[in-house]
Ligand code: SAM
């Protein structure tokens, strides 16, 4: 054992009330925050549990047998999630991403997908509904997810080398089973599929080219994510971050790349295509090039807290409103009020790129807010 010290921070204790207006106020046009950023994307964490113990996300030393996960009664029900999503859609949200924890561990998730797939934008259009998964249960569930109305999936996979992958997920899960999940998702038409690889220098950086080679010409978009500080739980160190610029340099040498212009507003990945037509890749530079200036997403935690920034240290208590007697219009007005007040909290908290925050307030707890 090394002498790494991992202080514990439990985000679930920090809570901000969400003030409710006295009267119903109907949404009045697109919602933008103080920096003019619209609300477009809602990430919904459906469980705080995961069957993996990735060292960068839910390390075993912290999430062990003594860790207390949320009781079922604390979780938002499917009805509560759908009601919340409907209010967000009325205010401009067009994309819903289910995440966790491992979302496929939530019982009857297909039912929730059916309920969300029935929602329509004010213009009568269906929403873009997707899900981020570690892929462990995907082979079994892909067909049911597709039939329920899921359009596409993002699968996390950090290495092709079985030994490295087993070490990184820390539950000895084989890479072949995730690859089978990806194949099955492709077979049922959950497309386009994206694969997320978190790159940790010294751990899986030599897997960049094998991963790139494997997914070239497959129609699957591989995205390389800079290893982030997810709070006080993963023992994050800047020297373990491989900057995206170096990822691109390494790939360029083997397979020439051309930059692609961003397509959607608020896109987090910088996109590149292989010059020989081998497809597309992306890099997500959360550490070296934060993208807060175009952030258009809100996050709903498993127990109904609303986070307006991945790096916020406390969430707004939506669940109390959902379980009280506030009307949809009142809750929507409460959400609108805090979105309008939203500023660039991430920069405030983060300090200079890659250095610890002066306040020590860098708490993300990905398993709880969702990635
Ligand atoms: N269990 C699902 C999965 O594995 O995709 C969904 C939840 S996971 C928290 C969502 C995404 O966050 C994954 O792609 C994961 O790799 C990413 N992630 C988790 N911890 C991270 C970290 N420290 N830095 C960068 N990305 C991270």
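Things worth noting here:
- Some residue of the range 276-289 being modelled with pLDDT under 95 and away from the ligand (no atom under 13 Å from the Cβ): yes
- Close pairs from the range 181-194: first at positive phi and at pLDDT 95 or above, partner surrounded by 16 or more Cβ atoms within 10 Å (Cβ to Cβ) and in a helix (DSSP H, G or I), Cβ under 9 Å, at least 6 apart: 189/146
- Residue 164 vs. criteria within 18 Å of the chain's Cα centre (by Cα), away from the ligand (no atom under 12 Å from the Cβ), on the phi < 0 side of the Ramachandran plot and at pLDDT 95 or above: no
- Inclusion of residue 65 among residues that are modelled with pLDDT under 95 and not in a helix (DSSP H, G or I) is warranted.
- The condition of being over 26 Å from residue 211 (Cα atoms), touching a helix residue (DSSP H, G or I) at 6+ places or on another chain (Cβ under 8 Å) and within 15 Å of the ligand (Cβ to nearest atom) does not hold for residue 138.
- Residue ID - nearest to residue 216 (Cα to Cα), chosen from residues in the range 249-275 that are part of a strand (DSSP E or B) and either modelled with pLDDT under 95 or within 23 Å of the chain's Cα centre (by Cα) (or both): 272
- Residue count for the range 55-80 under the criterion of being more than 16 Å from the ligand (Cβ to nearest atom) and surrounded by 21 or more Cβ atoms within 10 Å (Cβ to Cβ): the result is 1.
The values are calculated or read from the model by the stated rules, or taken from the named source; none is laboratory data. If you're wondering where the values come from, they're calculated on a predicted model, not measured in any experiment. Don't worry about glycine lacking a Cβ; one is built from the backbone with ideal geometry, like all the others, and counts go over all protein chains shown.
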